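Working notes, structure below.
The values are calculated or read from the model by the stated rules, or taken from the named source; none is laboratory data. Note that the structure is a prediction, hence the values are computed from the model and not measured. Cβ placement follows ideal geometry from the backbone for every residue including glycine, while neighbour counts extend to all protein chains displayed. When the accessible area is computed, the model is the full protein with side chains, heavy atoms only, and any ligands, DNA or RNA have been set aside. Shrake-Rupley method; radii C 1.70, N 1.55, O 1.52, S 1.80 Å.
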Amino acid sequence: MIAKYNPQEIEKKWQQRWAEDKLYEVTEDSTKPKYYALIMFPYPSGDLHIGHWYAYVPPDVYARFKRMQGYNVLNPIGFDAFGLPAENAAIERGIHPYKWTMQNIDNMRRQLKSMGPSYDWGREVISCLPEYYKWTQWFFLKLYEAGLAYRAKAPVNWCPHCQTVLANEQVVAGFCERCGAAVIKRDLEQWFFRITKYADELMEQSSIDWPEKIKLMQENWIGKSLGTEISFALDHPEVDEKEIRVFTTRSDTTFGVTFMVLAPEHPLVAKLASPDRRAEVEKYVDRSRHLTEIERLSTEREKDGVFIGAYVINRLNGEKVPVWVADYVLMTYGTGAVMGVPAHDERDFAFAKKYNLPIRVVIAPPGWHSEELEAAYIEPGTMVNSGQFNGLSSEKGIEAVSDFLERKGCGGRATNYRLRDWLISRQRYWGAPIPMIYCPSCGIVPVPEQDLPVLLPEDAEFKPTGESPLKYHEQFVNTTCPNCSAPAKRETDTMDTFICSSWYFLRYTSPHYDTAPFNAEKMKYWLPVDHYMGGAEHAIMHLLYARFFIKASRDMGLVDFGEPFSRLSNQGIITAAGQKMSKSRGNVISADRYISTVGADAFRVYLMFLGPWEQGGEWNDSGISGASRWLNRIWKLVLEEYRMKSEAIAEDKLGDEKAHRDLPRITHQTIKKVTEDLERFRFNTMIAALMEFTNYLAKAEKAGCITDSAWEEAIDILLLLLVPTAPHLAEELWQRTGHDYSIHNQSWPHWDEKLAKDEEITLVVQVNGKLRDRVTVPASITEAEAQQLALKRQRVKAYLKGSEITNVIYVPGRLVNLVVK
């Protein structure tokens, strides 16, 4: 009698053995092709839930598969450990962020190991440790030296609850991504990274194998627009500026400008406001600061504004144009000024109607005869009321007007981007301190490299207001100037945590290197990452920032490549009660309970069998027992003693021969199917193929019509194909069937295309494209044979009576279609 399958006992045994033997530790090896397989490292929130497992198991399966294919696989793990939740925990629970974070990491490390992954734990990085954030600060200094880091006063997104600045990407529908509070605008001195310098290069994505939807999301976020910048003359006694410039993609409508609008944040608003309008303008600007960009741009919200009492001159026709302030114009797009063309822009049309401003048609719709428009006409047309440009099509007009503006020196073609520079300052404690010093004499001074890291003080006091305790920590704030040794102040802002995750994949190549962020030779061996795997929600933050970091590092001579991740795969989202699993929503489901009942291997199987990995879906554990039963069937199938039944041969020698033909065909078909599905990340159909193979072997065992040697070979292949999915079970059964340790060092099986070819196929017979019959035929059937067979089928003859066959369409191995009339 065979022993009972006990997954918990087996899994614990092999996890301990693999760790002791350092089975998955990897070094550079020039004799093998390298493969850098990387998951997005987790934030240590405390517990791994099912959503985490869904994200991490399939990439581990893939890494194991590539390892067996002969690649030298780097499959590292670490923790993205800085972040606001730890600081909130310090305020709410009175526990230091470091302690809270490290306790969570200890628990999550235990949970990750229970999954049985092939991670190289010797390369673990934790971004909140000084040995890591020293180099995050080093990168900041390098970017500063290269002119890519700068400080400027700017309106920023401010979360009043978190008491910190948020990047545009961290504001969701006008609310803080983390706490849900309404976001307002504030003017603060902030540190920025000049990501806009790389806007064009970030738009170029032809060299990376990424999902098209991710590429499109990045392109839309960068928002490249080709158009014209136009200068409107300004003559005002209170300002030195002699023009206000606008960006437009429709220079053909310039003769239709009847007003100009400035964003509330535009620096000229306060200067140009006339004394009799100033109070109303200031009130309007103040109100706008309490609105989010989403609210300001909402198509459902009525557009309003205030005339500021100033004018500009349209240089094309000499007309005096009133200047307004309105919150539907953003300082973060274009120049912060917009020319109002109400006849040909829906927002401008509504604004002009509200304030009784002129609406002049300059692009005539087809059949237009000078009548008033009932709505803005925004399609192409013919230029009218446009002086020398009358009669031109709007498409030609754009070129002609742009040419004219360039010749006159009052405008010209320009490229505009939606992308803004990356705001990296955060008014919080739990982040990498920005390594800058403010000296009354020397100004802004970078911390010398030899003085890194700038350490976070351990005795910080966390206030209920959420303000950063660094501001009030005198020992941290007060320092000396590196240049003149005079008393100076440290920067008290910390860096956006996305900076930590913009370079961690470099650190994995040499995590203990202490003279640079990475060993250059090791980095050259491993980088770029061959396959990056994680959530699509990071498309316009982490992925964009990491690409910028690498491009900037390349230009600084630190790396010799321009894209960090050659291939990208995204998993779908596992939901509970229709929402993404999240600790903040209270709907997470821990995986621990499943590990303690059915085991890690069964849970791995079930997660991959749920459906296409990129789709995700609602969590339902009703089928998990099926995964467990399948592994139990494999256990019994492999360990039960197989003997070929002599009576089966004596009774049915032909059947025995067929079985011997079927076994290699089905085996090689399974190898092919599983391999191709793994390469395409089709984990659910890969599992289905293994289940079908198991079913076939179970029937073959019952029939007993396969030789012992053929049976043993088939079982070996089943176990090898099972390795990535159920690593513990495969290892245990490999040992119990008399093989040397470890199955994880074995090569992936190869299929023979000839052996995998079907002996028989199902031929579909159609008449005028409609299914009329199916018939099993030899796979070697010719077109002539297939046509003759179709014509002889009784079910087909009924549809041919009295008709003439005009054509025969033959798809080899699939169908015959008889076209009749």
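Of all the listed residues (ALA233, ALA279), the sole one being of a type in the set (Gly, Ala, Ser), over 30 Å from HIS538 (Cβ atoms), open to solvent by 10 Å² or more (accessible area, probe 1.4 Å) and touching a strand residue (DSSP E or B) at 6+ places or on another chain (Cβ under 6 Å) is ALA233. Within the set GLU731, GLU759, the sole residue that is more than 17 Å from MET68 (Cβ to Cβ), charged (D, E, K, R) and in contact (Cβ under 8 Å) with a residue 60 or more places away in the chain turns out to be GLU759.
Checking the condition closer than 17 Å to HIS266 by Cα and not basic (Lys, Arg), which residue from GLY336, GLY318 passes? Spell out the reasoning first.
Values: GLY318 fails: closer than 17 Å to HIS266 by Cα.
None of the other options fit; the residue is GLY336.
Out of THR249, THR299, THR258, which single residue is among the polar types (S, T, N, Q) and open to solvent by less than 30 Å² (accessible area, probe 1.4 Å)? If you could, list the steps in order and put the result at the bottom.
Details: THR249 fails: open to solvent by less than 30 Å² (accessible area, probe 1.4 Å); THR299 fails: open to solvent by less than 30 Å² (accessible area, probe 1.4 Å).
Going through THR249, THR299, THR258 in turn, the sole match is THR258.
Scanning segment 60-81 for residues that are open to solvent by less than 10 Å² (accessible area, probe 1.4 Å) and under 18 Å from ASN107 (Cβ atoms) yields ILE77, GLY78, PHE79, ALA81.
Does segment 11-27 contain at least one residue that is in contact with a strand residue (DSSP E or B) (Cβ under 8 Å, 6 or more places away or on another chain) and open to solvent by 10 Å² or more (accessible area, probe 1.4 Å)?
Narrowing segment 11-27 to residues in contact with a strand residue (DSSP E or B) (Cβ under 8 Å, 6 or more places away or on another chain): 26.
Filter again for open to solvent by 10 Å² or more (accessible area, probe 1.4 Å), leaving 26.
The answer is yes, given that some residue of segment 11-27 is in contact with a strand residue (DSSP E or B) (Cβ under 8 Å, 6 or more places away or on another chain) and open to solvent by 10 Å² or more (accessible area, probe 1.4 Å).
Residue check: GLU458 meets all listed conditions (1) surrounded by fewer than 18 Cβ atoms within 10 Å (Cβ to Cβ); (2) modelled with pLDDT of 95 or more but one, namely (2).
So, in segment 542-587, of the ones that are of a type in the set (Ser, Thr, Tyr) and touching a Lys or Arg at 6+ places or on another chain (Cβ under 9 Å), which residue ends up most open to solvent (accessible area, probe 1.4 Å)? Give the steps one after another, and end with the answer.
Looking only at segment 542-587, we keep the residues that are of a type in the set (Ser, Thr, Tyr), and these are 545, 553, 566, 569, 575, 582, 584.
From what's left, touching a Lys or Arg at 6+ places or on another chain (Cβ under 9 Å): 553, 584.
Working: SER553: 2, SER584: 98 Å².
It comes out as SER584.
Given GLN137, GLN163, GLN190, which one is more than 22 Å from PHE549 (Cβ to Cβ) and either open to solvent by less than 20 Å² (accessible area, probe 1.4 Å) or more than 22 Å from the chain's Cα centre (by Cα) (or both)?
GLN163
Here is a yes/no grid of residues against (1) in contact (Cβ under 8 Å) with a residue 40 or more places away in the chain; (2) touching a Ser or Thr at 6+ places or on another chain (Cβ under 6 Å); (3) under 16 Å from THR27 (Cβ atoms):
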| residue | (1), (2), (3) |
| --- | --- |
| GLU491 | yes, no, no |
| LEU506 | yes, no, no |
| TYR525 | yes, no, yes |
| ASP530 | yes, yes, no |
| MET541 | yes, no, no |
| TYR545 | yes, yes, no |
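The residues listed here are GLU124, GLU87; of these, the one that is within 21 Å of PHE518 (Cβ to Cβ) and in contact with a Gly (Cβ under 9 Å, 6 or more places away or on another chain) is GLU124. Mind listing whichever residues of segment 745-778 are surrounded by 12 or more Cβ atoms within 10 Å (Cβ to Cβ) and small (Gly, Ala, Ser)? Within segment 745-778, ALA756 is the sole residue that qualifies.
When only residues in segment 282-296 that are β-branched (Val, Ile, Thr) and surrounded by 15 or more Cβ atoms within 10 Å (Cβ to Cβ) count, which is nearest to ASP187 (Cα to Cα)?
Step one: of segment 282-296, the residues β-branched (Val, Ile, Thr) are 285, 292, 294.
Remaining after also requiring surrounded by 15 or more Cβ atoms within 10 Å (Cβ to Cβ): 285, 292.
Working: VAL285: 13, THR292: 14 Å.
Applying the filter and picking the extreme gives VAL285.
A single entry from GLU319, GLU346 fulfils the requirement of being surrounded by fewer than 19 Cβ atoms within 10 Å (Cβ to Cβ) and at pLDDT 95 or above: GLU319. Each residue in segment 669-711 was checked for being surrounded by fewer than 15 Cβ atoms within 10 Å (Cβ to Cβ) and under 15 Å from PRO749 (Cβ atoms), and 2 pass.
Collect the residues in segment 481-503 that are assigned to a loop (DSSP other than H, G, I, E, B), more than 11 Å from MET436 (Cβ to Cβ) and open to solvent by 10 Å² or more (accessible area, probe 1.4 Å), keeping them in residue-number order.
ASN483, CYS484, SER485, ALA486, THR497, PHE498
Condition test on LEU527, is it at pLDDT 95 or above and within 26 Å of GLN170 (Cα to Cα)? No. Scanning segment 428-443 for residues that are touching an Asp or Glu at 6+ places or on another chain (Cβ under 6 Å) and open to solvent by 10 Å² or more (accessible area, probe 1.4 Å) yields one hit, ARG428. Does any residue of segment 378-401 turn out to be in contact with a Pro (Cβ under 7 Å, 6 or more places away or on another chain), open to solvent by less than 60 Å² (accessible area, probe 1.4 Å), closer than 23 Å to VAL323 by Cα and in a helix (DSSP H, G or I)? Scanning segment 378-401 turns up no residue that is in contact with a Pro (Cβ under 7 Å, 6 or more places away or on another chain), open to solvent by less than 60 Å² (accessible area, probe 1.4 Å), closer than 23 Å to VAL323 by Cα and in a helix (DSSP H, G or I). If the condition is being over 30 Å from ALA756 (Cβ atoms) and aliphatic (A, V, I, L, M), then segment 768-821 contributes LEU791, VAL796, ALA798, LEU800, ILE805, LEU818, VAL819, VAL820.
When SER370 is tested against (1) modelled with pLDDT under 95; (2) farther than 30 Å from LEU268 by Cα; (3) surrounded by 15 or more Cβ atoms within 10 Å (Cβ to Cβ), only condition (3) is not met. With respect to the conditions (1) surrounded by fewer than 13 Cβ atoms within 10 Å (Cβ to Cβ); (2) of a type outside the set (Asp, Glu); (3) closer than 30 Å to LEU544 by Cβ, GLY409 lacks only one, and its number is (3).
Given the residues ASP555, ASP592, ASP560, which is the only one that is under 21 Å from TYR525 (Cβ atoms) and charged (D, E, K, R)? Can you show your working first?
Values: ASP555 fails: under 21 Å from TYR525 (Cβ atoms); ASP592 fails: under 21 Å from TYR525 (Cβ atoms).
Only one candidate qualifies: ASP560.
Being in a loop (DSSP other than H, G, I, E, B) and under 26 Å from the mean Cα position of the chain (by Cα) holds for only one residue in PHE82, PHE65, and it is PHE82.
This table checks each residue for (1) open to solvent by less than 50 Å² (accessible area, probe 1.4 Å); (2) free of Cβ contacts under 8 Å to residues at least 40 places away in the same chain.
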| site | (1), (2) |
| --- | --- |
| ILE589 | yes, no |
| VAL598 | yes, no |
| PHE603 | yes, no |
| LEU607 | yes, no |
| GLY611 | yes, no |
| GLU614 | no, no |
| ASN620 | no, yes |
| GLY623 | yes, yes |
| LEU631 | yes, no |
